[in-house]
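The structure appears below as structure tokens.
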Amino acid sequence: MQDNNFISFATRTKELCIDWLVISAYLICLFGASITYYFVVFGGVPVFSELQSQLITTFTSVLVIVTLFAYLDFKGSSVGKRVAGLKVYFTHRSFSRSLVRNGIKFLPWQIGHMAVIHGVYTRFDVISIVLSIISCILLVIMFLMGTMRYDRRHLGDMVAGTQVQLAKHR
């Protein structure tokens, strides 16, 4: 791991924006496929319980994205990292470490989903507001860690023993 890992704020932001576009493209396709399925099979969007909504969201979006990004990072870099000239380096290369890294990286997103879904079913009670705040705080902390720390490691990198570096290093 590099102690002073210079990656510019612009480069890291470019990487994050491109990865966000990849995720958005997947979610748009998922939405289109889901709506088509609901209307073809059920004649409309069925009513789901809160638990069903939480499970559908977790299994069709969050876990798919975590697994995809874990695979891409394990192979070297996500689409955004590749375009920005970055690569994930491991102290001990393993897919499980990549899963841990990405599970933590996308944790604020999962908590945010949980907050919004719970809020829709409860008219945004205290629990949904607290979960939303926790999600936002974690997101900001990890963004600042990945863009401002000298080693550019966020919480997921620290736990998994990884570091995003310029691809030409090493």
Return the single residue from Lys14, Lys81, Lys105 with maximal mean-square fluctuation; model: Gaussian network over the chain, springs between Cα atoms under 10 Å. Lys14
Between helix 126-148 and the chain: long-axis angle, C-alpha atoms, 0 to 90°, nearest 10: 20
Looking at the chain as a GNM with Cα springs under 10 Å, which of Ile28, Ile104, Ile56 has the largest mean-square fluctuation? Ile28
Considering only Tyr150, Val64, His113, whose Cα is most displaced toward the positive end of the charge dipole of the range 63-170, charges sitting on Cβ of Lys, Arg (+1) and Asp, Glu (-1)? Tyr150
Of the listed values (i) 56, 36, 28; (ii) 46, 38, 32; (iii) 52, 30, 28, identify the label whose number matches Cα extents along the principal axes in Å calculated from this model. (i)
Would you calculate the separation in nanometres between label points at Thr57 and Ala167, each defined as 7 Å from the Cα along the Cα-to-beta-carbon direction? 3.4
Tell me the Rg and the Dmax, in Å, that the Cα atoms of the range 55-122 produce. 14.0, 44
Tilt relative to the chain, helix 9-37 - C-alpha long axis, 0 to 90 degrees, to 10: 30
Reachable aspartates and glutamates, given that their alpha-carbon falls under 15 Å from the alpha-carbon of Lys87 and they are not under 8 places away in the same chain: Glu15, Asp19, Asp73, Asp151, Asp157
With springs connecting C-alpha atoms under 10 Å apart, model the chain as a Gaussian network and identify which of Gly32, Gly103, Gly76 has the largest mean-square fluctuation. Gly32
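Read the figures in this text as sums done on the coordinates, not as results from a lab. All figures in this text were calculated on a predicted structure; none of them were measured in a lab. Neighbour counts are summed over all protein chains in view; Cβ atoms, including those assigned to glycine, are modelled from backbone coordinates with ideal geometry.
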